[in-house]
Amino acid sequence: MSVNVSMAAIPAAVTDFIRGSHKLLIDGKWIAPASGKTFFTHNPADGRKLADIAAADAQDVDLAVAAARRAFEDGPWSKMTPATRAKLIWRLADALEAKAEEFAFIETLDNGKPLNDAKVVDLPHSIEVLRYFAGWCTKLNGESISLSNPGTWHAYTMREPVGVVGSITPWNAPLMMAVSKIAPALAAGCTVVLKPAEQTPLTALKLGQLILDVGFPDGVVNILTGFGETAGAAITAHPGIDKVTFTGSTDVGRIIIKAAANDFKRVTLELGGKTPVIVFPDADIDRAIEGAARSIFSNAGQICNAGSRLYAHRDVFDRLVEGVSRRAGEFRVGPGLEASTQMGPVVSQEQLDRISGFIASGKSQGAEVRAGGGRIGTEGYFVEPTVLTGTRPDMDVMQHEIFGPVLCAMSYEEADLDRIAREANSTSYGLGAVLWTRDLSTAHKMARKLKAGTVRVNGGGLDPALPFGGFKQSGWGRELGREGVEAYTELKSVAMAL
Ligand code: ADP
Ligand code: MG
């Protein structure tokens with residue numbers, strides 16, 4: 001490993017963990033991949049090698065699925081009471097809390113995000129997601145149903161775990177994503193084969209250690225590191241997997257649907273977004289400026305519901321663009337380990353190239369760069385917080401998810417809500433929408449008109465109890481909340497003539 005140690009005091013436990021040999025977690029044991037293949041990950045802050053990682057492929061997936069199947073069908077897991085399952089999940093949350101500092105460092109080294117973000121966002125959210133779903137173990141009930149058929153009947157529904165779940169996660173919030181998939185699956189009584197993103201597998205592996213430490217039965221959670229085209233594809237095609245849950249790009253979501261179609265696997269998909277931020281003239285403009293800036297520059301824009309399209313009323317447009325552009329210039333971009341850093345590097349050379357390509361295409365199609373627009377330095381994958389104006393709906397920067405710190409800002413003329421909603425809805429995505437207004441009527445009317453899974457008014461963030469997901473090509477189903485755990489169940493109806 002070569003990280004810039006002048007930056008911050010990396011705890012020895014973190015260095016030891018990262019340097020250690022990383023294997024696959026299958027059936028409660030760490031084992032080498034059948035092929036013996038490994039790959040390495042990069043530290044996005046300097047582009048250098050970070051860790052050697054095992055590359056799982058189809059043979060390892062077979063073993064992991066078999067272990068998850070045994071744990072689901074015969075093992076202690078299926079016979080465990082919901083209350084005991086809840087205690088185990090809660091214990092995992094406590095173990096994660098106890099090691100939060102180490103996890104935060106590992107996330108920063110692997111993903112690039114500011115250490116402070118990892119500490120105040122990723123870790124607390126992951127811990128609370130575990131606790132929230134621990135509570136659901138004992139509350140997954142069916143109901144008794146009144147029937148109208150002639151005769152005397154007793155009928156009820158019950159919720160059963162869907163079975164073995166294949167979970168495939170992205171690199172933007174690696175631990176949060178892994179936990180958001182594992183926790184509800186376990187709460188419902190499922191077993192899991194998790195494949196973290198190849199760019200950022202380390203916190204999932206570290207979580208695997210805790211899963212063993214707190215005493216989950218063998219095979220309940222299996223963790224396979226490796227690539228999407230090999231390990232990921234083998235999971236989605238495997239006949240022993242009952243459900244696939246995926247967060248990532250819309251393109252891969254489409255591939256997963258096709259793979260899952262063969263045997264009608266249950267599928268939950270959290271895909272891309274192109275979230276509009278709509279500012280009305282009556283809004284608290286200073287807060288709207290700060291909110292709009294954070295919405296697109298947090299996590300270097302690598303958030304599926306980053307506010308990437310700003311629509312501001314013409315009366316407030318100049319103030320907003322100037323404000324957000326000023327904030328773009330102020331955002332301290334640097335290595336995640338540096339205390340003053342507010343925006344880290346993007347995750348990889350591939351992402352850096354992709355974002356640079358979008359900025360270039362925006363310029364060539366007529367957009368004006370009001371802030372940023374370039375790469376910072378030549379070491380690591382740093383991009384300037386960028387604001388584009390003069391963007392039109394047909395431009396690539398307006399239609400595609402850039403997944404970087406690039407905002408397209410536009411003004412609208414009249415406060416005609418239908419017209420604004422039409423523009424806001426004019427992408428193939430429908431994940432989020434953000435409104436800034438002090439007018440309750442405008443807020444509620446707009447909330448109805450927007451085709452988005454989550455509408456935020458004057459702020460508001462992620463919560464384990466609030467369902468999250470998208471309309472249109474932003475995905476299928478919802479994660480978090482009651483819907484998020486019910487998505488890991490099958491509903492069974494039992495009818496009985498008395
Ligand atoms: P990005 O291109 O931004 O890395 P992806 O959607 O490709 O986003 O990756 C998200 C997750 O999907 C990762 O864990 C990746 O390995 C996985 N993945 C990529 N391609 C496939 C595939 N064909 N089948 C299953 N999983 C895949
Ligand atoms: Mg990809």
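The values are calculated or read from the model by the stated rules, or taken from the named source; none is laboratory data. Model, not experiment: these values are computed from the prediction. Methodologically, a virtual Cβ is constructed for each residue, glycine included, from the backbone with ideal geometry; neighbour enumeration extends over all protein chains shown. What goes into the accessible areas is simple: the full protein's heavy atoms, side chains included, and nothing from ligands, DNA or RNA. Shrake-Rupley method; radii C 1.70, N 1.55, O 1.52, S 1.80 Å.
Ligands, DNA and RNA left out, the 1.4 Å accessible surface of the chain is 52% carbon and sulfur atoms.
The distance linking segment 68-135 with segment 364-414 is 36 Å (Cα centroid to Cα centroid, whole angstrom). Charges were assigned to the Cβ only: +1 to each Lys and Arg, -1 to each Asp and Glu. The resulting dipole of the chain about its Cα centre is roughly 660 debye.
Rolling a 1.4 Å probe across all protein chains gives LEU63 an accessible area of roughly 90 Å². Secondary structure note: in segment 275-463, about 20% of the DSSP beta bridges are antiparallel. Set Lys and Arg Cβ to +1 and Asp and Glu Cβ to -1, take the dipole of the chain about its Cα centre, and tell me which of ALA339, GLY228, SER295 lies farthest positive. Selected residue: GLY228. Per residue, the chain exposes 40 Å² of accessible surface when a 1.4 Å probe is rolled over the protein heavy atoms with every protein chain present. Based on alpha-carbon atoms, the Kirkwood radius and the radius of gyration of the chain give Rg/Rh equal to 0.99.
If each residue of separation counts as 0.36 nm, what is the full-extension length gain between ASN149 and LYS87 once their alpha-carbon separation is subtracted? Intermediate results must be reported in sequence, preceding the final value.
On the way: separation 62, 0.36 × 62 = 22.32 nm, distance 4.22 nm.
Full extension of this stretch gives 18.1 nm more.
Working note: Debye formula, equal point scatterers on the alpha-carbon atoms of segment 394-498, no solvent; log10 I(q)/I(0) at q = 0.18 Å⁻¹ is -1.02.
Most simply put, the chain has about 45% antiparallel DSSP beta bridges, counting only bridges with both residues inside it. Just to confirm my numbers, what's the Cα centroid distance between segment 425-448 and segment 237-311 in Å? Centre-to-centre (Cα) distance: 16 Å.
Kyte-Doolittle mean at least 0.5 and Cα extent at least 15 Å along the axis: which DSSP H helices of the chain qualify? Length and hydropathy pass: 174-188, 202-213, 250-261. Helices in the chain, meaning DSSP H runs of at least 4 residues, each add -39500 (n - 2.57). Divided by all residues, the mean residue ellipticity at 222 nm is -11500 deg cm²/dmol. D by Stokes-Einstein for segment 60-218, Kirkwood Rh over Cα pairs, 25 °C, 0.890 mPa s: 146 µm²/s. On full extension, the segment bounded by ASP463 and ALA66 gains 139.5 nm, given 0.36 nm per residue less the C-alpha separation. Dividing the convex hull volume of the alpha-carbon atoms in segment 275-463 by its residue count gives 112 Å³ per residue.
Each of ARG354 and LEU491 was given a label point 7 Å from its Cα along the Cα-to-Cβ line. The distance between the two points is 3.6 nm.
If the segment from GLU322 to ALA12 were pulled out straight at 0.36 nm per residue, it would be longer than the present Cα-Cα gap by 107.2 nm. Exposure check, 1.4 Å probe, all protein chains in place: LYS49 carries approximately 80 Å² of accessible surface.
Counting other Cβ atoms within 10 Å, keep those with at most 16, restrict to DSSP loop, and tell me which chymotrypsin sites (Phe, Trp or Tyr not before Pro) in segment 255-312 are left.
PHE264
Treating r as the C-beta distance of ALA58 and ARG438 and R0 as 45 Å, the FRET efficiency rounds to 0.20. In a simple Cβ point-charge model (Lys, Arg +1; Asp, Glu -1; nothing else charged), segment 275-463 has a dipole of about 260 debye relative to its Cα centre.
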